[in-house]
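Just so it is clear, none of the values below were taken in a lab; they were calculated from the coordinates. These numbers were taken from a predicted model, which means no experiment stands behind them. Don't worry about glycine lacking a Cβ; one is built from the backbone with ideal geometry, like all the others, and counts go over all protein chains shown.
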Amino acid sequence: MEASTVRLTHTVKKGGCAAKIAAGTLADLLRTLPLSTHPDLLVGRDLFDDAAVWRVSDEVAMVQTLDFFTPILDDPHDFGAVAAANALSDVFAMGATPVTALTILAYPLDTLPPDVLQALMAGAIDVIHGAGAHLVGGHSIEDDTLKLGFAVTGLGHPQRLWTNAGARPGDVLLLTKAVGTGTLAGARKNDEIDAAAMAPAIASMRQVNRLDLPPELHAAVHAATDVTGFGVLGHGLHVARGSGVSLPIDAATVPLLPGAADTLRRGILTKAHTSNTRYVAPYVAGRCDLDEVAWWSLVDPQTSGGLLLSVAAEEAEAVLAHVRERFQRAGRIGEVTAAGEAALIVGA
């Protein structure tokens with residue numbers, strides 16, 4: 001058996017960020033656990049931020065995250081690249097710079113050949129080193145199911161990091177990548193689309209969320225999160241609740257990957273579409289005005305999705321123009337208002 005003949009997605013039931021524990025279930029499981037507090041712990045787990053932040057000095061903060069999942073793609077080089085891009089994204093979502101990565105690997109030696117592992121790590125190293133970080137080690141175990149991810153450490157200035165808690169009324173919401181990886185990956189796994197139809201989603205997932213904003217535009221971003229397994233609305237909810245605001249989102253402006261509208265229309269969904277709906281529904285107004293495709297796109301579980309940015313209105317066009325130099329499908333999808341009856345307000 002060679003790497004080129006293995007369909008990795010056929011070795012697992014769930015793939016990518018769609019394999020996450022449902023957000024509501026996770027919140028219930030963690031609710032009774034004590035929160036850590038320390039003067040130098042600037043960001044912990046209380047607001048569902050993308051990474052933890054520890055102040056090293058007045059000028060330096062350490063940003064730490066980890067992410068791993070089962071295969072969402074069949075090609076091992078692509079899967080390794082996407083797993084790396086997805087883990088790095090948490091650091092970029094905090095406005096920090098990744099510096100080191102450690103591998104987290106569970107590998108079925110009895111069922112997958114060694115060249116699959118080599119291709120996985122080659123794809124990951126391409127992305128990690130391309131992002132300016134360094135793969136410095138890791139840990140592996142033998143397991144029945146392939147799982148790959150990375151623990152990433154980044155650095156940033158304590159006063160210049162982005163979190164879920166900074167969105168302000170009047171801000172504009174920008175999304176850097178099109179959505180639809182969940183439905184497209186599900187369709188590809190079940191041979192309901194071909195490899196060519198999956199290619200735009202793979203290219204999007206492989207793209208690292210590095211924005212390289214100049215200082216004045218970096219400061220215009222008041223809050224940020226990366227959109228992954230909980231979808232646009234799930235991660236938007238974390239920003240709304242963390243910042244004490246409401247987020248009106250125009251579903252018609254949320255960019256979709258090529259083919260995603262068709263697979264959603266055909267009802268090609270993952271379990272996460274349902275769990276994400278259950279999680280956000282109590283906090284949403286306007287859902288009845290949406291057709292099914294629009295709704296499912298907002299709760300589609302993304303793997304290595306884009307960044308959702310809350311940006312000062314006067315700088316929003318400049319930030320968007322800069323972002324579009326790397327992310328052509330980036331767009332404005334909503335705004336931030338003072339807290340109302342619903343944290344999320346969706347319209348067509």
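By count of other Cβ within 10 Å, fewest leading, how are Val311, Val293 ordered?
In order of increasing Cβ crowding within 10 Å: Val293, Val311.
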Between the modelled labels at Leu26 and Arg265 (7 Å from Cα along Cα→Cβ) the distance in nm is 3.2 nm
Taking the convex hull of the alpha-carbon atoms of the range 11-89 and averaging its shadow over every direction gives an area in square nanometres of 6.8 nm²
Highest GNM mean-square fluctuation among Ala312, Ala285, Ala87, for the chain with Cα springs under 10 Å, belongs to Ala285
Of all lysine pairs in the chain that are eight or more residues apart or on different chains, those with Cα atoms under 21 Å apart total 13
With the label point 7 Å along the Cα-to-beta-carbon line of Val56 and a cut-off under 20 Å to each amide N, the hits in the range 139-156 are 151-156
In vacuo Debye sum over C-alpha of the chain, base-10 log of normalised intensity I(q)/I(0) at q = 0.07, 0.13 Å⁻¹, listed in q order, is -0.26, -0.97
Contact order relative to length for the range 136-222, counting C-alpha pairs under 8 Å separated by 6 or more residues, stands in percent at 35 percent
Under a Gaussian network model of the chain whose springs join Cα atoms within less than 10 Å, the largest fluctuation of Leu309, Leu26, Leu211 belongs to Leu26
Debye calc, one equal point scatterer per Cα of the range 28-171, no solvent, log10 I(q)/I(0) at q = 0.09, 0.18, 0.19, 0.20 1/Å comes to -0.33, -1.02, -1.08, -1.13
For the range 172-347, averaging the sequence separation of alpha carbon pairs under 8 Å that lie six or more residues apart and dividing by its residue count, the contact order in percent is 48 percent
Checked the range 236-336 with the C-alpha gyration tensor, a ≥ b ≥ c its square-rooted eigenvalues, rounded below a/c of 1.5, otherwise prolate if a/b is larger than b/c and oblate if not; verdict oblate
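Counting Lys and Arg as +1 and Asp and Glu as -1, what is the net charge of the other residues whose Cβ lies under 11 Å from the Cβ of His322?
Counting the neighbours of His322, the net charge comes to -3.
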The chain, Gaussian network, Cα under 10 Å: of Val152, Val56, Val208, the residue fluctuating most is Val56
Simple spin-label estimate for Gln118/Asp191, 7 Å along Cα→Cβ, in nm, reads 3.0 nm
quick note, the chain, DSSP beta bridge pairs, % antiparallel (nearest 5) is 75 percent
Sorted on mean Cβ neighbours within 10 Å (highest first), peptides 268-277, 75-84, 213-222 come out as 75-84, 268-277, 213-222
